[in-house]
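Step one of this worksheet: look at the structure below.
Read-outs throughout are calculated quantities, based only on the coordinates presented, and are distinct from any laboratory measurement. Just so you know, these numbers come straight off a predicted model, no measurement behind them. A quick note on method: Cβ atoms are made from the backbone with ideal geometry, for glycine too, and the neighbour counts reach across all protein chains shown.
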Amino acid sequence: MLLTDSCGNPRSFPVSEITMLEETFPYLLRQEIKDSIFYQLSFGNLTTEELLSQAISYHSHWNPDIIIVLSGIAESRPEAFTEFQKVVLKKLSIVLIFDKLILRFNHWIKKLLYNPALIKRHQFYRVSKSSFRKTLKKFKLIFSKSKIYWLEISAGPKHDDSRPGVIKRMESYNAIIKEIYGDDFVPVQQKLMVVEGFNGSDHVHLSKRGHKLISDILLERINKFLDQKIKLYEQNT
């Protein structure tokens, strides 16, 4: 089972950095492990709790041998507004939906939400670290029979220009993942930097090189895990 944020999806823009479906790391893994039952959910702009709740709600009876998770950037990004304030702003736009200035208003709202100066000043949390830790522990408990590999939350340093403080906050959320999943936390940030693995337009989504690197790293771990299971089976028979 593979659960990811939008970094597990193909990307059609910008034109110079298109990543096709067959170049994404979930697809590459599926091609290498063809005799497996493979489930993938990759969805953008969900919190980790929202993403994992899908697996908890529909697949808790499955207990797959291996679960791979790439999530946490949504929690790591400092926000210019609280979640409540964002709801109020969105409701205000709905009230004005028939107004001829709605498009201009929505553009103004978007500029406010993603204004680096406001983000740097306010540094609101979308999800607290304590809530993030609780979600991870719950997931590990429910899928206690599965091997869970959790990929490091990663982004290029330039992402800090549009989201001031995100790199530092990523470190704290990664520390929580490592605390809970130990050696099954999968470091990738530094290796992605070496191969220019991030999309140059937003410095978060993976380039073709980034997807290939992630696939190779995971495949090595998966093969090692499967070899251990085979040896254990042979010993017991």
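Consider a paramagnetic label point 7 Å from the Cα of Asn223 along Cα→Cβ; state which residues of the stretch 20-46 have an amide N under 18 Å from it. Hits in the stretch 20-46 for Asn223 at 18 Å: 25-36. Cβ crowding within 10 Å, taken as a proxy for footprinting-reagent exposure, orders Val195, Val186 from fewest neighbours to most as Val195, Val186. Among the listed pairs Lys145/Lys212; Lys134/Lys168; Lys138/Lys158; Lys129/Lys178; Lys140/Lys224, a Cα-Cα separation exceeding 25 Å is found for Lys145/Lys212; Lys138/Lys158. Model label points for Glu17 and Ile37, set 7 angstrom from Cα along the Cα-to-Cβ axis, are 3.8 nm apart. By the rule of a C-alpha distance below 12 Å, with chain neighbours fewer than 8 residues away ignored, the aspartates and glutamates paired with Lys229 are Asp65.
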